[in-house]
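Q: Structure incoming, see below.
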Amino acid sequence: LSPVYWPTWLAIGLMRVVTSLPLRWVERVGSGLGMLIYYALPARRRVGEVNLRFAFPQASKTEITHRNKLCFKNIGVAAFEMGLSWWQDKKLLAQCEIEGLQYLLDAQAQGKGVIILTAHFTCLEIGGPVLNHHVPFMVMYKRAHNKLFDAFMRFHRGRLYKSIVDHHKPIAMIKGLKKGYAAWYAPDQDFGGKDSVFVPFFGVDATALTAP
């Protein structure tokens, strides 16, 4: 209840209100938030531009700007998709279909755990809760710097998933895999060369974790 957390309460309240709207309005508000971030944070906008130029060296400046704005819009939508997974997960289930679920079920029927390996896509907050309705599912978790927001995330992820694993304690994920759980992991991180390798990404070497 400290005043330092009042802006966080306001943001969470806004998220709660918006996620009660029809999905098309959630997307519109999220896109608007993304564009606000785009113009308010020029340093992050520049990071997006540089990365896009590496990935698409033949693209024009106009195309790069267009793609960058789309990225930021998706980031804004993703913020409210997190709220949807917290408070409206049944609404998400009605909108989603899973392709290839049988592969995962077959592996688990044989007593095997499954690592679901992805990058940090903006739609991650949807995929986990949807999969968890079909298979025992656990996720790697990194604590947020904001303690109030972290408490909300831990509460809802603890409710949505079979298990949440602190990223400092990967042995817990290994134990879950041995029990036949499915585990989400994204190795596309740069921790300054520690436990990482360089791999080609869009024709450019980029760091990825070796943990998998």
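The values are calculated or read from the model by the stated rules, or taken from the named source; none is laboratory data. For clarity, every value in this text was computed on a predicted model and none was experimentally measured. Cβ coordinates were reconstructed from backbone atoms using ideal geometry, including for glycine residues, and neighbour counts include every protein chain displayed. Calculation scope for accessible area: heavy atoms of the full protein, side chains included, ligands and nucleic acids excluded. Shrake-Rupley method; radii C 1.70, N 1.55, O 1.52, S 1.80 Å.
Q: Give me a comma-separated list of calculated 3J(HN,Hα) values for the stretch 85-96, in order, Karplus coefficients 6.51, -1.76, 1.60 applied at θ = phi - 60°, integers in Hz, x for any Gly or Pro.
A: These are the phi-based 3J(HN,Hα) values: 5, 6, 10, 10, 5, 5, 5, 5, 4, 5, 9, 10 Hz.
Q: Let me ask something else. Can you give the Rg to Rh ratio of the stretch 53-171, both from alpha-carbon atoms, with Rh computed by the Kirkwood formula? Walk me through the numbers on the way to the answer.
A: Working: Rg = 17.1 Å, Rh = 16.6 Å.
Expressed as Rg/Rh, it is 1.03.
Q: In a Debye calculation with equal point scatterers on the alpha-carbon sites of the stretch 113-161 and no solvent, what is log10 I(q)/I(0) at q = 0.19 Å⁻¹?
A: Each listed q corresponds, in turn, to -0.70.
Q: Separate question: Give me the one-decimal nm value for the distance between modelled label points at residue 61 and residue 36, 7 Å along each residue's Cα-to-Cβ direction.
A: Placing both labels 7 Å beyond Cα along the Cβ direction yields 2.9 nm.
Q: While we're looking at this one, here's another question. What ratio of Cα Rg to 2.2 N^0.38 Å holds for the stretch 88-130?
A: Output field value: 1.33.
Q: In debye, nearest 20, what is the charge dipole magnitude of the stretch 20-117 about its Cα centre with +1 on Lys and Arg Cβ and -1 on Asp and Glu Cβ, if you could check? Could you put the intermediate results ahead of the total?
A: Working: 13 positive and 8 negative charges, 113 e Å.
I would put it at about 540 debye.
Q: Could you calculate the contour length gain from residue 53 to residue 169, that is, 0.36 nm times the residue separation minus the distance between their Cα atoms, to one decimal place in nm? Before the final figure, lay out the partial values.
A: Values: separation 116, 0.36 × 116 = 41.76 nm, distance 3.63 nm.
Here the answer is 38.1 nm.
Q: So if I average 1/r over every pair of distinct C-alpha atoms in the chain and take the inverse, what Kirkwood radius in Å does that give?
A: Details: mean 1/r = 0.0522 Å⁻¹.
When all Cα pairs of the chain are included, the Kirkwood radius is 19.2 Å.
Q: Would you work out the charge dipole size for the stretch 12-66 about its Cα centre, treating the Cβ of every Lys and Arg as +1 and the Cβ of every Asp and Glu as -1, and quote it to the nearest 20 debye?
A: On the way: 8 positive and 3 negative charges, 20 e Å.
With only Lys, Arg, Asp and Glu charged at Cβ, the dipole is about 100 debye.
Q: Report the Cα-based extents of the stretch 155-212 along its three principal axes, largest first, to the nearest Å.
A: Sorted from largest, the Cα extents of the stretch 155-212 read 39, 23, 19 Å.
Q: Around residue 39, what is the net charge, scoring Lys/Arg as +1 and Asp/Glu as -1 over all other residues with Cβ under 15 Å from its Cβ? Don't skip to the end; give the middle numbers.
A: Working: positive: 44, 45, 46, 69, 73; negative: 49.
Overall, the nearby charge balance is +4.
Q: Calculate, in nm to one decimal, what residue 204 and residue 20 gain on full extension: separation in residues at 0.36 nm each, minus their alpha carbon distance. The partial results should precede the final answer.
A: Details: separation 184, 0.36 × 184 = 66.24 nm, distance 4.17 nm.
Stretched out fully, the residue 204 to residue 20 stretch lengthens by 62.1 nm.
Q: Dipole magnitude of the chain about its Cα centre, charges +1 at Lys/Arg Cβ and -1 at Asp/Glu Cβ only, in debye to the nearest 20?
A: On the way: 26 positive and 15 negative charges, 107 e Å.
For the chain, the charge dipole is close to 520 debye.
Q: What fraction of the Cα pairs in the stretch 59-103, stated in percent, has a spacing above 15 angstrom? Show your work: numbers first, answer last.
A: Working: 625 of 990 pairs.
Summing the P(r) tail past 15 Å for the stretch 59-103 gives 63 percent.
Q: How long are the three semi-axes of the equivalent ellipsoid for the stretch 1-100, computed from the Cα gyration tensor as the root of 5 times each eigenvalue, in whole Å, largest first?
A: 28, 20, 11
Q: Just the number, please: carbon plus sulfur as a percent of the accessible area of the chain, 1.4 Å probe, no ligands or DNA/RNA counted.
A: Roughly 61 percent, rounded to a whole number.
Q: Cβ under 10 Å from residue 206's Cβ, residue 206 left aside: what net charge do those residues give with Lys, Arg +1 and Asp, Glu -1? If you can, show how the numbers build up before the last one.
A: Details: positive: none; negative: 188, 190, 205.
Net charge around residue 206: -3.
Q: Additional query: Quick one: net charge of residue 184's neighbours, Cβ under 14 Å, K/R +1, D/E -1? Let's see the in-between values first.
A: Details: positive: 142, 157, 162; negative: 125, 188.
The answer is +1.
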